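Peer 1: Quick one: structure below, then a few questions.
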Amino acid sequence: MRYWWVNQNQTYRHELAGGYLWSPKRNRDGGRNPFYESMREVAPGDIIFSFKDTRIVAIGVAQSHCWESPKPAEFGVAGQYWENVGWKVRVQFTPLLHQLRPKDHIDVLRSELPGKYAPLQSNGNGLQGIYLTEVSEPLAEVLGGLIGPEARLITMPRVSTIPAHPESAAARAADDLDYWEHKLEQLVVADTSVPETEKEAIIRARRGQGLFKQRVLRLETQCRITGVDKVDHLVASHCKPWRDSSNEERLNGENGLLLTPTIDHLFDRGFIGFEDSGDLIVSPVAHRQSLQRMGVETGHVVNVGGFTQGQRRFLDFHRTSVLLRAVR
């Protein structure tokens, strides 16, 4: 079990009512944000202290690993500058009757604050630039002690009973992303600047067919995992997902791999990925027995061969923005 601190000033009401955390994947300039990357490390049973307006107002217990999810519509103007697809984690929140103001106890808390990525300034004020950051077990114990019996009632009885099954989150992820990609398709159809023939190619590319598949076939001859080489049984899978790509990237053959439909599902949802060297990456969140039944070996290092320079560029995006992690 790990402990986390989340700053929820803008989104507290929606996240608490909806039972989730949501963050963008990256900063507005496209740079990586360690406080968004933290979302990828949350696991079922982790404890989350919710901070809003100078106080810890709720405690949550994580119910899932994270998955890709559209920005919640209820955020409205609060999230108008955030990207449209980010990370989501299910959380069971309990509002506190005794809301703790850390600034009032900073003399006790200061010695437990980490030197890097601390949730508070040394004077006890909050840090606006932080979304989700890990706190140490000693700091969590001090916070729990200051909150009092409520904290023990919230955290202790539930941790051991939470089912650590990523499949439930995966099902919600599929619903979320199918809905969002359908919305993006509608935007493509409505875009008068895109020629009709190109619209058709872009939409077919979402399903791994058409012009995009023809271009991937210039680079790939078979499924990287199963070795299936009959084209009818293969789809062209985007390394940088269709939903995250520009129209040009959606049709770029170097943004694709030939995969069977089941392997495409695992790759698109972040359960597997690839190093530039060709080594297969299996997410810690993935269910090993299911992967083996789908033809993915998990007991030893698997190398699927080399990639072009363009493919490596798109695979880097996949590793950093799609592949699911849970660093324990």
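Derivation of every value follows stated rules applied to the coordinates shown; laboratory data play no part. Remember, it's a predicted structure, so these values are computed and weren't measured experimentally. Every residue, glycine among them, receives a Cβ derived from its backbone with ideal geometry; neighbour counts consider all protein chains shown.
Peer 1: Can you sort 136, 283, 50, 237 so the residue with the fewest Cβ neighbours within 10 Å comes first?
Peer 2: Numbers: 136 13, 283 21, 50 25, 237 28.
Taking fewest neighbouring Cβ atoms as first place, the list is 136, 283, 50, 237.
Peer 1: Suppose we keep just the DSSP beta bridges with both residues in the chain; what percent of those would be antiparallel, to 5?
Peer 2: Within the chain, antiparallel bridges account for around 90 percent of the total.
Peer 1: Then there's this: Mind checking the full-extension length gain between residue 9 and residue 111? Use 0.36 nm per residue of separation minus the Cα-Cα distance, one decimal, nm.
Peer 2: Stretched fully, the residue 9-residue 111 segment lengthens by 34.2 nm.
Peer 1: In Å and whole numbers, how far do the C-alpha atoms of the range 275-328 stretch along each principal axis, longest first?
Peer 2: Answer, in whole Å and largest first: 33, 24, 17 Å.
Peer 1: Using each residue's phi in the range 204-213, evaluate 6.51 cos²θ - 1.76 cosθ + 1.60 at θ = phi - 60° and report the 3J(HN,Hα) Karplus result to the nearest Hz, with x for Gly and Pro.
Peer 2: Along the range 204-213, the couplings run 5, 4, 4, 9, x, 10, x, 4, 4, 5 Hz.
Peer 1: If the chain between residue 247 and residue 292 were fully stretched, how many nm would it gain, using 0.36 nm times the residue separation less the Cα-Cα distance?
Peer 2: The residue 247-residue 292 span can extend by a further 12.7 nm.
Peer 1: Please grab the % of Cα pairs in the range 174-215 that end up more than 16 Å from each other.
Peer 2: The proportion of pairs with Cα distances above 16 Å equals 39 percent.
Peer 1: Pull up all non-local amide H partners of residue 33: gap of 5 or more, or a different chain, and H-to-H distance under 5 Å with H placed in the peptide plane.
Peer 2: Distant-sequence amide H within range of residue 33: 27.
Peer 1: Also, I was wondering about something else. Across the Cα atoms of the range 9-126, what radius of gyration and what greatest pairwise Cα-Cα distance (Dmax) are found, in Å?
Peer 2: Cα only, the range 9-126: 14.8, 41 Å (Rg, Dmax).
Peer 1: Something else: How much of the calculated P(r) for the range 168-321 lies past 27 Å, in percent of all Cα pairs?
Peer 2: Details: 2438 of 11781 pairs.
Considering the range 168-321, 21 percent of its Cα-Cα pairs are separated by more than 27 Å.
Peer 1: Here is a further query. So how far apart, in nm, are the two label points at residue 221 and residue 188 if each is 7 Å from Cα heading toward Cβ?
Peer 2: So the label points at residue 221 and residue 188 sit 3.0 nm apart.
Peer 1: May I ask which of 71/199; 25/199; 52/103; 25/116 have a Cα-Cα span longer than 18 Å here?
Peer 2: Those over the limit are 71/199; 25/199; 25/116.
Peer 1: Taking only the alpha carbons of the chain, what extent do you get along each of the three principal axes, in Å, biggest first?
Peer 2: 65, 49, 31
Peer 1: Something else: Using bins 10 angstrom wide from zero, how does P(r) for the range 17-70 break down, in % of all Cα pairs?
Peer 2: 21, 49, 29, 1
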